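Okay, so here's the structure we're looking at.
The values are calculated or read from the model by the stated rules, or taken from the named source; none is laboratory data. Keep in mind it's a predicted model, so treat the numbers as computed, not measured. Methodologically, a virtual Cβ is constructed for each residue, glycine included, from the backbone with ideal geometry; neighbour enumeration extends over all protein chains shown.
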Amino acid sequence: MEQAEALSFLESLLGKTLHLTVLDGRLFTGIFKCTDNESNIILANSFEYRMPSKSAEQKAMAQAEATGKPAKADMTSRFVGLIVVPGNQIVKVELEESKFATSASATSAASALPIRTKS
Amino acid sequence: MITHDITAQFHSATRHVTAGTLVKDDHFSLFEAVGALEIGDPKMDSGCLEPGESLDQEFDVTKDILPEELIWLMDGLLNREEEDFTTQLFNRELLHKFAGESISQIAFEALIAVGESQINPQLKDAISARLGFRHEVLGMLMKHTNSEAPPSSHTTTMHQSLDAQQKSQPLSKPVSEAFSTKLQRRLASTVPPRPMVTVSMDQAWNFWHQMLDDCSNIFSVRQATHSQDLYIAYQIFAYSSPQPSTYPRALLQMFLTNENLVGSRIEPSYFLEEDIRSLTLPASQLLRVANGTYGRFCHGNQRVADTMQEFIDRFEHNFVNLYRALCLNSCRMRRTFCHALLEWDNLQAQVEELDAIIQEAVHEQPTPYLPGSPPTFSFSLSSWIYHHKLNVLQLTIQMGFELAIYAPHELAGMYWYLSSICDIHLSHLERISHFVTAKDTEVKRSKMTPAVKEKAIKECKDALDRLYKQYAWIKATQLLAGTMHGIFVVLQRYGVFVNQQPLYSSDMMRYEIRMKPFLGLSIPEPLSHDDSEREVQMQNIDTEEILDQVTGFSADAKKAWEEVSKTTWNMFPITNDVNHASVLTERRTADLKDCLKAAIAASLCVLSLKKVLKNDAWKEKAQKEARLPAPGVKGRWHRWWILPALPPV
């Protein structure tokens, strides 16, 4: 990628909603504000999403087995506001496709993961 | 929702960004970026977990526990106390849903169940003591909600129970997972995680003893039957050492508003009138004598009646808020005072207009005050406000010493400011006395029915007594402040506690910041930095002369504090209360004794400063060794009077 092309690509992302997955498994969604040559990223109005804990997952599985219906374990989420994610923490960068490219759509992010029954 | 993985693309693109430059939103400033939480940094990121760590609560409340563990848990629950409790619940519901009675019932049933159980008798006693204590505390709290004082025997029982619990504490066995910071890490998100406050059990036992005493003693403020006495009573608790904890202070605050009566005694508007009558407006027809509207009084003049009504409406809450401020913790109290000063300053200007309306309507005749000065009006309402404003101003400055707000080199200036505010206050009290004395003469000459006349004379006497009492206290404060000012100025001339010219500030800017709460006042008129410097440093007076002058001040200060110590806290009769008869007197006496000790220490300090006037070796030593003892440390006689610890002469 040429430098000009690279910069224009990064600039095109400004104001859009990114999903960042970090080393410990958490996912952050927020509006892309800033980055540098080490891929440190600043997100505004961010939300933190955490995979259901082991015990919550087991509980959901048990419930699903007992009732025979699909059960779900909720991801926990909370508002964290303005954050800086160091480049070396980032495992995955995703761009959220939205009709309203500039608006924060953090609330529309998935907050529940369905867990299927084993059968 | 669709997302596209752009990880590889993103990383390769950022590699082209020149080191040291940023790709950023035009509206996003680096200034904002400073406030961002750094993800992955355990100090800032409360959600960051160690590998294998989970955020789930590991403690299961329904699991069976050993009796020893139960004791540990019950003791652990005793050491939790926060001022801003409601804002720090982290969205956890407390047990609002349960009525006090039903919990009390459960505690009682548990007590019986423990009694019948088959566990080790020692453990049985320990658990019973803990359950019983909770039962008693709940009983006390329920009584408090009805503003009832629990009987003193009740408090004694609880003290004994605490002692028993403290003795059996070694039987307990820790359950460390029961209290963890995980809860706050999960919920508090935009702030960095706070370390968990751990209170030692010894501190917790002492805390409970102290709180039980305060809860019981605080009812003694209800002995006061007058606004002025109530203010003193509140001050005594506000400045008790240690200050009562949050709960007793909340209780104190409740007495101000419970059932819309101040001190369980009087409606706020009458409470306000009572205070004005006993200071600037004795035997006045402007104030109501009993229930009623202003129309019946106020010389039958509708305009005056409306003006008075407006004044009372505007002030009844401001006035009660002065008492409420005394129920806050000291830092917050000082901050509230700073706000109140500006508010009262503003209101004073407005009330001067009301005073003018009244002057005109009642045809008040101006009288000459101070020989040779033009005749002046009494300005009774704004005078009353000014008195309270100066009072708050004095306390605000004094609390700065208590809270260690001032830098060592600022102490000379702040003690000077304190003494100058006291000066202004003393002249103001003299001015009020002048008009009250005139009223007294007028009443004594007038033709009224004997009963009415006697009451009017009594009101004038009460006001004059109150003015005298205020005068004595402020005079003592002024003299000691003057002494302290002298001590610190001389020390600075000796090179001790001097301002080390810092690189990034100027004296002017420091002065502005230090005096910020006071520079906005219209009266007393704030001084410019240069004027204040001139007054504080006394450059035209040589050190020996200053020391002679201060020797006189310190001797007078000692006498003045002795004089104040002879007075009682109350001026008006108090309600008969066997339980709390002497609490207020004891605490006030102890405080005044500390002031007197400070005055004596100040005069000794002046003596030693005189001796070392020409002793350069001592000065050099003092420059290195001089210290300001912190509150509670030996040599700090009183929270408001900081005598320096100096090397021996």
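From B:Val362, B:Val351, B:Val320, which residue is among the β-branched types (Val, Ile, Thr) and over 30 Å from B:Met399 (Cα atoms)?
Step by step, each of B:Val362, B:Val351, B:Val320 is checked, and only B:Val362 is among the β-branched types (Val, Ile, Thr) and over 30 Å from B:Met399 (Cα atoms).
For segment B:592-643, which positions are of a type in the set (S, T, N, Q) and part of a helix (DSSP H, G or I)? Reasoning before the result, please.
Narrowing segment B:592-643 to residues of a type in the set (S, T, N, Q): B:603, B:608, B:615, B:623.
B:Ser603, B:Ser608, B:Gln623 - these are the residues of segment B:592-643 that are of a type in the set (S, T, N, Q) and part of a helix (DSSP H, G or I).
Looking at B:Leu322, B:Leu287 in this structure, which one is under 35 Å from the mean Cα position of the chain (by Cα) and modelled with pLDDT of 90 or more? Steps first, please.
Details: B:Leu287 fails: modelled with pLDDT of 90 or more.
Only one candidate qualifies: B:Leu322.
So A:Asn45 passes all but one of these: (1) under 16 Å from the mean Cα position of the chain (by Cα); (2) part of a strand (DSSP E or B); (3) on the phi < 0 side of the Ramachandran plot. Which condition number does it fail?
Every condition holds for A:Asn45 apart from (3).
Any idea which of B:Pro629, B:Pro573 is under 22 Å from the mean Cα position of the chain (by Cα) and not aliphatic (A, V, I, L, M)? Can you show your working first?
Details: B:Pro573 fails: under 22 Å from the mean Cα position of the chain (by Cα).
Within the list B:Pro629, B:Pro573, the selection yields B:Pro629.
Return the residues of segment B:36-58 that are out of contact with any strand residue (DSSP E or B) (no Cβ under 6 Å at 6 or more places or on another chain), modelled with pLDDT of 80 or more and within 7 Å of another protein chain (Cβ to nearest Cβ); say none if nothing qualifies.
B:Gly40
Just to check your reading of the model, which residue among B:Leu256, B:Leu272 is at pLDDT 80 or above and under 21 Å from B:Glu148 (Cα atoms)?
Step by step, each of B:Leu256, B:Leu272 is checked, and only B:Leu256 is at pLDDT 80 or above and under 21 Å from B:Glu148 (Cα atoms).
Among the residues of segment B:352-375, are any closer than 27 Å to B:Met515 by Cα, more than 17 Å from the chain's Cα centre (by Cα) and not charged (D, E, K, R)? Full working, then the answer.
So in segment B:352-375, the residues closer than 27 Å to B:Met515 by Cα come out as B:352.
In the following step, the residues that additionally are more than 17 Å from the chain's Cα centre (by Cα) were identified as B:352.
Subsequent filtering for residues that are not charged (D, E, K, R) retains none.
No - not one qualifying residue is present in segment B:352-375.
Which numbered condition trips up B:Trp344, out of (1) surrounded by fewer than 21 Cβ atoms within 10 Å (Cβ to Cβ); (2) of a type in the set (A, V, I, L, M, F, W, C); (3) closer than 25 Å to B:Asn260 by Cβ?
Going through (1) surrounded by fewer than 21 Cβ atoms within 10 Å (Cβ to Cβ); (2) of a type in the set (A, V, I, L, M, F, W, C); (3) closer than 25 Å to B:Asn260 by Cβ one by one, B:Trp344 breaks only (1).
In this structure, is B:Leu418 touching a Leu at 6+ places or on another chain (Cβ under 7 Å) and not in a loop (DSSP other than H, G, I, E, B)? Talk me through it step by step, then tell me what you get.
Details: touching a Leu at 6+ places or on another chain (Cβ under 7 Å): no; not in a loop (DSSP other than H, G, I, E, B): yes.
When the stated conditions are applied, B:Leu418 does not pass them.
For every residue, the table says whether it meets (1) in a strand (DSSP E or B); (2) surrounded by 20 or more Cβ atoms within 10 Å (Cβ to Cβ); (3) facing chain B (nearest Cβ under 8 Å); (4) touching a residue at least 12 places away in the same chain (Cβ under 8 Å).
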{"position": "A:Met1", "(1), (2), (3), (4)": "no, no, yes, no"}
{"position": "A:Phe9", "(1), (2), (3), (4)": "no, no, yes, no"}
{"position": "A:Thr21", "(1), (2), (3), (4)": "yes, no, no, yes"}
{"position": "A:Ser39", "(1), (2), (3), (4)": "no, yes, yes, yes"}
{"position": "A:Ser55", "(1), (2), (3), (4)": "no, no, yes, no"}
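Considering B:Lys469, B:Lys475, B:Lys516, which residue is under 28 Å from B:Lys389 (Cα atoms) and either buried (at least 19 other Cβ atoms within 10 Å of the Cβ) or of a type in the set (A, V, I, L, M) (or both)? Write out each step before concluding.
Numbers: B:Lys469 fails: either buried (at least 19 other Cβ atoms within 10 Å of the Cβ) or of a type in the set (A, V, I, L, M) (or both); B:Lys516 fails: either buried (at least 19 other Cβ atoms within 10 Å of the Cβ) or of a type in the set (A, V, I, L, M) (or both).
Residue meeting the stated conditions: B:Lys475.
For every residue, the table says whether it meets (1) surrounded by fewer than 20 Cβ atoms within 10 Å (Cβ to Cβ); (2) outside the structural domain of B:Leu467 (by TED's automatic domain parsing); (3) of a type in the set (A, V, I, L, M, F, W, C); (4) assigned to a helix (DSSP H, G or I).
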residue	(1), (2), (3), (4)
B:Ala356	yes, no, yes, yes
B:Gly372	yes, no, no, no
B:Thr396	no, no, no, yes
B:Gly400	no, no, no, yes
B:Ala412	no, no, yes, yes
B:Cys422	no, no, yes, yes
B:His425	no, no, no, yes
B:Glu430	yes, no, no, yes
B:Lys439	no, no, no, yes
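Which is of a type in the set (Lys, Arg) and outside any helix (DSSP H, G or I), of B:Lys447, B:Lys453? Give the derivation first.
Values: B:Lys453 fails: outside any helix (DSSP H, G or I).
Exactly one of B:Lys447, B:Lys453 is of a type in the set (Lys, Arg) and outside any helix (DSSP H, G or I), namely B:Lys447.
For residues that are more than 8 Å from chain B (Cβ to nearest Cβ) and aliphatic (A, V, I, L, M), scanning just segment A:57-83, find the one that is surrounded by the most Cβ atoms within 10 Å (Cβ to Cβ). It would help to see each step written out before you state the result.
First pass over segment A:57-83, keeping only residues more than 8 Å from chain B (Cβ to nearest Cβ): A:57-75, A:77.
Narrowing the set further to residues that are aliphatic (A, V, I, L, M) leaves A:60-62, A:64, A:66, A:71, A:73, A:75.
Working: A:Ala60: 20, A:Met61: 16, A:Ala62: 11, A:Ala64: 20, A:Ala66: 9, A:Ala71: 18, A:Ala73: 22, A:Met75: 18.
This residue is A:Ala73.
Mind listing whichever residues of segment B:147-159 are polar (S, T, N, Q) and in contact with a helix residue (DSSP H, G or I) (Cβ under 9 Å, 6 or more places away or on another chain)? So that I can check it myself, show each step before the final result.
Going residue by residue through segment B:147-159, those that are polar (S, T, N, Q) are B:147, B:152-153, B:155-157.
The answer is B:Ser147, B:Ser152, B:Thr155, B:Thr157.
Tell me, which helices (runs of 4 or more DSSP H) wholly within segment B:510-580 include 3 or more residues that are among the polar types (S, T, N, Q)?
Counting at least 3 such residues, we get B:543-565.
Can you tell me how many residues within segment B:586-615 are surrounded by 16 or more Cβ atoms within 10 Å (Cβ to Cβ) and without any contact (Cβ under 8 Å) to a residue 40 or more places away in the chain?
2
Considering only residues of segment B:1-29 that are among the small types (Gly, Ala, Ser) and at pLDDT 90 or above, which is surrounded by the most Cβ atoms within 10 Å (Cβ to Cβ)? Can you show your working first?
Restricting attention to segment B:1-29, the residues satisfying the condition of being among the small types (Gly, Ala, Ser) are B:8, B:12-13, B:19-20, B:29.
Filter once more, keeping what is at pLDDT 90 or above: B:8, B:12-13.
On the way: B:Ala8: 9, B:Ser12: 13, B:Ala13: 24.
Ranking the qualifying residues of segment B:1-29, first place goes to B:Ala13.
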